[in-house]
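To start, the structure under review is shown below, and the notes come after it.
The values are calculated or read from the model by the stated rules, or taken from the named source; none is laboratory data. If you're wondering where the values come from, they're calculated on a predicted model, not measured in any experiment. Heads up, the Cβs are rebuilt from the backbone with ideal geometry, glycines too, and the neighbour counts pull from every protein chain shown. Each accessible area value is taken on the protein alone, full model and side chains, heavy atoms only, with ligands, DNA and RNA left out. Shrake-Rupley method; radii C 1.70, N 1.55, O 1.52, S 1.80 Å.
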Amino acid sequence: HKDLNQKEWLKLEDYVLENTDAQNLRVSVFTGPVLRAGDRPYRGILLPQEFWKVAVMVKPGGELSATGYLLSQKDMISDFEFVFGQFKTYQVTIRKIAELTGLDFGRLPEFDPKDRVRTRRADGGLESATVSASEVTGPESLVF
């Protein structure tokens, strides 16, 4: 759907590229569909309902960071016509994208800050926990 690509993904890409450029960082962005047998057929092809994006950057100290995103156009496809429905972008772990797509991202999951989120236990201590998905509501919600 054009709004998925030209609005939501574009905002995310622009934010990542502007900030990496401003800090003179190297970044690579990969994007693709999540293909499922249950995707809806249209004119002889299956229309993917979800798309993924992975941004990999080298931080100022040389540390690698890899972040993953998932966006659905499921609510934009209705009766073989594209409609304007609600859609949200989620930051997800690279492991989740690998699970959904069957792709091998090599060692990138090791550098995913979302895969290494620290949470506070009831006793006040810290523990590592994986938060598989969180809604992207703006730049402040991104974990790099």
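Checking the structure you have, find out if any residue of the range 73-83 is polar (S, T, N, Q) and either at pLDDT 75 or above or within 29 Å of R26 (Cβ to Cβ) (or both).
No: the range 73-83 contains no residue that is polar (S, T, N, Q) and either at pLDDT 75 or above or within 29 Å of R26 (Cβ to Cβ) (or both).
Does E63 satisfy the criteria of being at pLDDT 85 or above, open to solvent by 20 Å² or more (accessible area, probe 1.4 Å) and out of contact with any strand residue (DSSP E or B) (no Cβ under 9 Å at 6 or more places or on another chain)?
yes
Go through (1) under 22 Å from F111 (Cβ atoms); (2) modelled with pLDDT of 90 or more for A22 and report which single condition fails.
So the condition that A22 fails would be (2).
So, in the range 34-54, of the ones that are touching an Asp or Glu at 6+ places or on another chain (Cβ under 7 Å) and surrounded by 15 or more Cβ atoms within 10 Å (Cβ to Cβ), which residue ends up farthest from L12 (Cα to Cα)?
Out of the qualifying residues, it is L47.
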